[in-house]
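Engineer: Sharing a structure below in structure tokens format, with a few things to ask.
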Amino acid sequence: MTKHVFLNDLNPQQKSAVQHNKGPLLVLAGAGSGKTKVITHRFAYLTTAQKISPMSILAMTFTNKAANEMKERIENLTGKSSKGLWIGTFHSLSARILRKEIEPLGYGRDFCIYDEDDAGRLVRSILKEFKIHEALFRGILSKISSLKASMVGPEDLLANEDSYGFDEKFARVYVKYQDELRKNNALDFDDLIMCTVKLFEKHPRVLKKYQTEFSHLMIDEFQDTNASQYHLTKLLGSKHRNICAVGDDDQSIYKFRGAEVKNIHMFSKDFKKTKVIKLEQNYRSTQRILDIADSIIAPNRDRTPKKLWTDRGRGDKIFYCVASDEMEEARYIAQAIKELYLKGKYSYRDIAVLYRVNQQARTLEEAMRENGQPYRIFGGPSFYKRKEVKDIISYLKLLANPDDSVSLKSIVNCPSRQIGSATITRIENEARKRDESLFRTMKHIAGSNGYTKSLKDKVGGFIDILDDLIAHKEKSVPDLIKLILKKTGYAEWAGEERAENLKELKKFSKGKDLKSFLDTASLCSGLDENVPDDCVTLMTLHSAKGLQFPVVFLSGIEDGLVPHFHAIKDPDELEEERRLFYVGVTRAQDMLVLTGARKRRLYTSVQEQQSSRFLADIPAECYQCIEKRPRADAVNAAVFKVPVKLSNASPYAAGSRVKHPKWGVGVVRDSYGETDDVKVMVNFSTVGMKRLSLKFANLEKL
């Protein structure tokens, strides 16, 4: 590669950030300004021009998808493999450190990682034991997560009851929860960060080792760090101070997960003599979209002013469509998408519909189905959360760590072994008396004389299967999955459709050892998965962070949704809602359409809706407001110049059969256009859907 050729495609601000190689650096990167490009080019520059070892750079981000993109770009720039480098998420890199160093904290290095489902099951079992209503488990789990994000363990809660609003019942659950995790040799997501911080604080020798190992740190999406992540950053970066934080305070939207926007503001204070670089040239959106985004975010206090600009031109007009109700709004969106698709400029994959709450997806789905449009709800449960996949992963977790009682309970009766809830409760009570895991207690029951033959037979049969599987745990993961399916009969029990997903699981596990595969499965979320090839993407505004689409519809731009009614009376929450709206707007590249409804069913009742208060901050000349009357026949022509529909009397009406000289027989799915330029959508059995102009297609009517 020509020397430093990768610097040639950077603008002056990006180049300055890439070439800064000593001392703290804060890159305030506006939406679409190329922050990932800065991080990856900086990595390449440090390792080539500055001859810094790639192994001494720690690069952290927030999703596996972002980490994989970072690795791929770095490989393309350097021409070298990224395997083994310290590039990943906060959680995966913390897990990597703990796999080597956790023993001083009283855990084994073969600890398992509990995802949200596992943690929820554990909390529910504790609530059941304490005779507390199990439906409270989500709120309790959220509170535990929030405390851990703030570095507050159960011992801290008990020692400072006045500071944390002490609640005796909650404290008992938290203490028990943490005790059970330790007994199961398990960590939850938040433990991965908190335990790494505690390890460094309590064992300076370990901290010094990693401070020395990492001469340079780079953190992406810095505005999304919580207290524990920021503390971890400061610990690792305090020796060399070669720390680069890249983020945008205007895009901090995860306060509900513990993210603290103040961290990005505190960076320059905590790391003296920080160089600050602003990236304001936007490569994604048109200037009209950026102008709207700027007017939305400008009223927020304590933000770093940034004026985004682009050389992409002014772009198309932005429209705000007001519908009579949420169904009319959804039909408008679906019909508008259809018109855009049929015009041929955009594919379905180019279009996203964003909304504030998941409840809004239902009416959008109905409208999409009515129009026969392919769609996918993005950010839902990941592949690894499907029941059959989760069950096999639970078996694998037991092979790696037999003391994992949560995983054992989840599969003890999958397939059915007549070990019902009453039997499990009896075994759990016995395990508490013996102060040991369910697996050890079941082994004791199977080999002792003080229990009924029925219980011993049930438990013994299950333990025999596990022991047999554990004896083969050194096999490759695909072979282990195959063995589990064979020994347990799970594939036949699950059925043919679910068995297909298990084949996919075997494919995903190739080339990974058991521990790394389990870590990947536990740390993966629905946001890490790719969107299918050609479908409209439906997603919440929170899920859309980091993505971009040529066409974006923002639905439900009304008070109570954007901003959410929970935030309206809290100035800080209201600013977060502004940032969320800003993020949604800046996902759009070419076309942006805002929609709302005068009436909407929210939860249990139909409510009169007012347009979002945020619209008042957008100058009237920035967008055009249109009314959508409750007619089922068209989208308002002011927006998309709806093409003239051909009447059913036309020989090329939907449903008619035609023959093409090259592709053979097909069925007309739709027809549209002006009388002198009619176009048809035809589904051919040989090549699928094709969009054709009648003037040139040489179609024969059958």
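The values are calculated or read from the model by the stated rules, or taken from the named source; none is laboratory data. Because the structure is predicted, anything quoted here is derived from the model rather than measured. Virtual Cβ from ideal backbone geometry, glycine too; neighbours counted across all protein chains shown. These accessible areas exclude ligands, DNA and RNA; they are computed on the full protein's heavy atoms, side chains included. Shrake-Rupley method; radii C 1.70, N 1.55, O 1.52, S 1.80 Å.
Engineer: Past 19 Å, Cα to Cα: identify those pairs from Lys100/Lys209; Lys409/Lys475; Lys385/Lys409; Lys100/Lys443; Lys22/Lys234; Lys385/Lys506, in the order given.
Structural biologist: Lys409/Lys475; Lys100/Lys443
Engineer: Here is a further query. With a Förster radius of 30 Å, plug the Cβ-Cβ distance of Lys131 and Asp156 into 1/(1 + (r/R0)^6) and report the FRET value to the nearest 0.05.
Structural biologist: Result of the calculation: an efficiency of 0.70.
Engineer: Residues with beta-carbon under 11 Å from that of Glu129, excluding Glu129: net charge, scoring Lys, Arg +1 and Asp, Glu -1?
Structural biologist: +3
Engineer: Sticking with this structure for a sec: What do you get for the angle between helix 496-508 and the principal long axis of the chain? Use alpha-carbon atoms, 0 to 90 degrees, nearest ten.
Structural biologist: 80
Engineer: Would you please state which residues of the range 677-702 a label at Val665 would reach in this model, taking the label point 7 Å out along Cα→Cβ and a backbone N cut-off of under 16 Å?
Structural biologist: Under 16 Å, as judged by backbone N against the label point of Val665, lie 683-688, 700-702 of the range 677-702.
Engineer: A further question follows. Report the semi-axes of the equivalent ellipsoid for the range 478-617 in whole Å, largest first, where each axis is √(5λ) for an eigenvalue λ of the Cα gyration tensor.
Structural biologist: Largest first, the range 478-617 gives 43, 18, 16 Å.
Engineer: Same structure, new question: Taking the full set of protein chains and a 1.4 angstrom probe, give the accessible area of Thr686 in square angstrom, rounded to the nearest 10.
Structural biologist: Estimated to the nearest 10 Å², Thr686 gives 90 Å².
Engineer: Still on this structure, please answer the following. Label-point separation (nm) for Lys100 and Arg138, each offset 7 Å from Cα along Cα-to-Cβ?
Structural biologist: Distance between the two pseudo-spin positions: 4.0 nm.
Engineer: While we're here: Would you kindly find the accessible area of Asp670, with a 1.4 Å probe and non-protein molecules such as ligands, DNA and RNA excluded, rounding to the nearest 10 Å²?
Structural biologist: Accessible area, nearest 10 Å²: 20 Å².
Engineer: Working from Cα positions, state the angle (0 to 90°, nearest 10) between the long axis of helix 514-523 and the longest principal axis of the chain.
Structural biologist: Between the helix axis and the principal axis of the chain, the angle is about 50 degrees.
Engineer: Let me ask another. Using the 2.2 N^0.38 Å rule of thumb for compact globular proteins, work out how the chain stacks up: its C-alpha Rg over that value, please.
Structural biologist: Compared with the compact-globule rule of thumb, the chain sits at 1.07.
Engineer: Please give the net charge around Ala44, taking every other residue with its beta carbon less than 11 angstrom from that of Ala44, where Lys and Arg add +1 and Asp and Glu add -1.
Structural biologist: Net charge around Ala44: +3.
Engineer: Work from the charge dipole of the chain (Cβ charges, +1 for Lys and Arg, -1 for Asp and Glu, about the Cα centre) and give the residue of Ile57, Pro299, Asn226 farthest towards its positive end.
Structural biologist: Ile57
Engineer: With the cut-off at 1.5 for a/c, could you classify the range 6-158 from its C-alpha gyration tensor as rounded, prolate or oblate?
Structural biologist: Verdict is prolate for the range 6-158.
Engineer: Could you work out how far apart the two model spin labels at Asp179 and Lys307 are, taking each label as a point 7 Å from the Cα in the direction of the beta carbon, and quote it in nm?
Structural biologist: Between Asp179 and Lys307, the simple spin-label model gives 6.2 nm.
Engineer: Mind giving me the FRET efficiency for Ala171 and Asn698? R0 is 56 Å, r the Cβ-Cβ distance, nearest 0.05 is fine.
Structural biologist: 0.10
Engineer: With labels modelled as points extended 7 Å from the Cα through the Cβ direction, what inter-label distance (nm, one decimal) is found for His564 paired with Glu430?
Structural biologist: 4.6
Engineer: Right, next: Work out from phi, with θ = phi - 60° and the Karplus expression 6.51 cos²θ - 1.76 cosθ + 1.60, the ³J(HN,Hα) of each residue of the range 598-603, listed in order in whole Hz, and give x for Gly and Pro.
Structural biologist: 7, 10, 8, 7, 10, 6
Engineer: Just check the range 292-374 against the gyration tensor rule for me: Cα atoms, a ≥ b ≥ c as the square roots of the eigenvalues, rounded for a/c under 1.5, and otherwise prolate or oblate depending on whether a/b exceeds b/c.
Structural biologist: Oblate.
Engineer: On to the next question. Can you tell me the equivalent ellipsoid semi-axes for the range 248-318? Use √(5λ) from the Cα gyration tensor, largest first, whole Å.
Structural biologist: Whole-Å semi-axes of the equivalent ellipsoid: 27, 16, 10.
Engineer: Just for the chain, what percent of DSSP beta bridges are antiparallel, to the closest 5?
Structural biologist: Rounded to the nearest five, the antiparallel share is 35 percent.
Engineer: Within the set of other residues whose C-beta is less than 11 Å from the C-beta of Thr225, count the net charge using Lys and Arg as +1 and Asp and Glu as -1.
Structural biologist: Value of the local net charge: -1.
Engineer: Using alpha carbons only, how many angstrom separate the centre of the range 1-51 from the centre of the range 308-338?
Structural biologist: Spelled out, the Cα-based centre of one part sits 36 Å from the other.
Engineer: Just by accessible area at a 1.4 angstrom probe, what is the order of Asp191, Asp403 from largest to smallest?
Structural biologist: Asp403, Asp191
Engineer: Can you compute the FRET efficiency between Lys510 and Ser324 using 1/(1 + (r/R0)^6), with r the Cβ-Cβ distance and R0 = 60 Å? Round to the nearest 0.05.
Structural biologist: 0.65
Engineer: Could you grab the relative contact order for the range 42-201? Cα pairs under 8 Å, six or more apart, rounded to a whole percent.
Structural biologist: 24
Engineer: Oh, and also: Angle between the Cα long axis of helix 477-488 and the longest principal axis of the chain, 0 to 90 degrees, nearest 10?
Structural biologist: 70
Engineer: Could I ask something else about it? Inverting the mean 1/r over all pairs of different Cα atoms, compute the Kirkwood radius of the range 334-418 and quote it in Å.
Structural biologist: It works out to 16.4 Å.
Engineer: Quickly estimate the mean residue ellipticity at 222 nm for the chain, helices only: each DSSP H run with n ≥ 4 gives -39500 (n - 2.57), and the total goes over all residues, rounded to 500.
Structural biologist: It comes out at -13500 deg cm²/dmol, rounded to the nearest 500.
Engineer: Subtract the Cα-Cα distance of Glu573 and Ser605 from 0.36 nm times their separation in residues, and report this length gain in nm to one decimal.
Structural biologist: Stretched fully, the Glu573-Ser605 segment lengthens by 9.1 nm.
Engineer: How much length, in nm to one decimal, is gained on full extension between Ala499 and Tyr451, taken as 0.36 nm per residue of separation minus their Cα-Cα distance?
Structural biologist: Between Ala499 and Tyr451, full extension yields 13.6 nm more.
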